[in-house]
């Protein structure tokens, strides 16, 4: 419960709580805005699973410190998948230790109908490449041409993700993909080829090199279809599938000039 210190002066806890109710709650609502109507007030029994999740993650006036922390951890760990701005190496330490080249990051997101049918948050996938030129020489025209090419290549292309993992390594071309989940190897190759074409807008060395493309298989090719089971408190429970097979569409494109400073080039705001 909020702590009242008297004399109408808010306590440090109330001040922090007020800040979180404004900033954190706003970010939570924006995260759900694409999936549900966040402005529609419904009774609990009439809410969808996504609406119930939103309701439970928002910080309320009567939340204590422990409850606030649990809600924030649940949101950033489960909904936002550990976004680097909250969990990770401090930016200053990273910049002192590593060299950094600007990146283009392209995101895909599961279509809402598939996520709702499976009662889960929407799955996201990502590909990226480095812009191999001095950061001060990059112009807005360069970024516009990259986005135009990326949208042309990917906007109408459906990503079927989950069954196999592919990788691609080309340091000179600025592309290092350690794992990209696709339905089959040919689809994975198609997406990597298109990523190379986008990177070639500013880097002629990023041409697709077949010898750098790898398809990673496991001993059991059908393993992604199965669910493992465990015994818990005398009952058999099913664990989530390790690789969710689903359909994703192009969601957003970002330009990262330095760690912690993303610039949205295409798609909805976070």
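Being more than 15 Å from residue 257 (Cα to Cα) and out of contact with any strand residue (DSSP E or B) (no Cβ under 6 Å at 6 or more places or on another chain) is the filter here; which residues of region 119-140 pass it?
119, 120, 121 - these are the residues of region 119-140 that are more than 15 Å from residue 257 (Cα to Cα) and out of contact with any strand residue (DSSP E or B) (no Cβ under 6 Å at 6 or more places or on another chain).
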Failed item in (1) in contact with a helix residue (DSSP H, G or I) (Cβ under 7 Å, 6 or more places away or on another chain); (2) over 23 Å from residue 264 (Cβ atoms); (3) surrounded by fewer than 18 Cβ atoms within 10 Å (Cβ to Cβ), with residue 149 passing the rest: (2)
Filter result (within 18 Å of the chain's Cα centre (by Cα) and either surrounded by 21 or more Cβ atoms within 10 Å (Cβ to Cβ) or over 23 Å from residue 115 (Cα atoms) (or both)) within region 158-175: 159, 161, 162
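Residue-wise test of (1) modelled with pLDDT of 90 or more; (2) surrounded by 13 or more Cβ atoms within 10 Å (Cβ to Cβ); (3) not assigned by TED's automatic domain parsing to the domain that holds residue 153.
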| position | (1), (2), (3) |
| --- | --- |
| 50 | no, yes, yes |
| 61 | no, no, yes |
| 73 | no, no, yes |
| 98 | no, no, no |
| 103 | yes, yes, no |
| 106 | yes, yes, no |
| 109 | yes, yes, no |
| 115 | no, yes, no |
Among residues of region 128-149, those that are assigned to a loop (DSSP other than H, G, I, E, B) and touching a residue at least 12 places away in the same chain (Cβ under 8 Å), counted: 4
Condition check for residue 140: assigned by TED's automatic domain parsing to the domain that holds residue 104 and within 18 Å of the chain's Cα centre (by Cα): no
Number of the exception - residue 93 against (1) out of contact with any helix residue (DSSP H, G or I) (no Cβ under 6 Å at 6 or more places or on another chain); (2) more than 21 Å from residue 205 (Cα to Cα); (3) modelled with pLDDT of 85 or more: (3)
Elements of type strands (runs of 3 or more DSSP E) contained in region 150-241, each with 1 or more residues being within 29 Å of residue 131 (Cβ to Cβ) and modelled with pLDDT of 85 or more: 159-161, 164-170, 175-182, 213-216
Residue, farthest from the chain's Cα centre (by Cα), within region 99-127, restricted to residues that are in a loop (DSSP other than H, G, I, E, B) and closer than 17 Å to residue 138 by Cβ: 99
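The values are calculated or read from the model by the stated rules, or taken from the named source; none is laboratory data. Everything quoted here is computed from the prediction, not taken from an experiment. For neighbour counting, all protein chains shown are included, and Cβ atoms are generated from backbone atoms with ideal geometry for every residue, glycine included.
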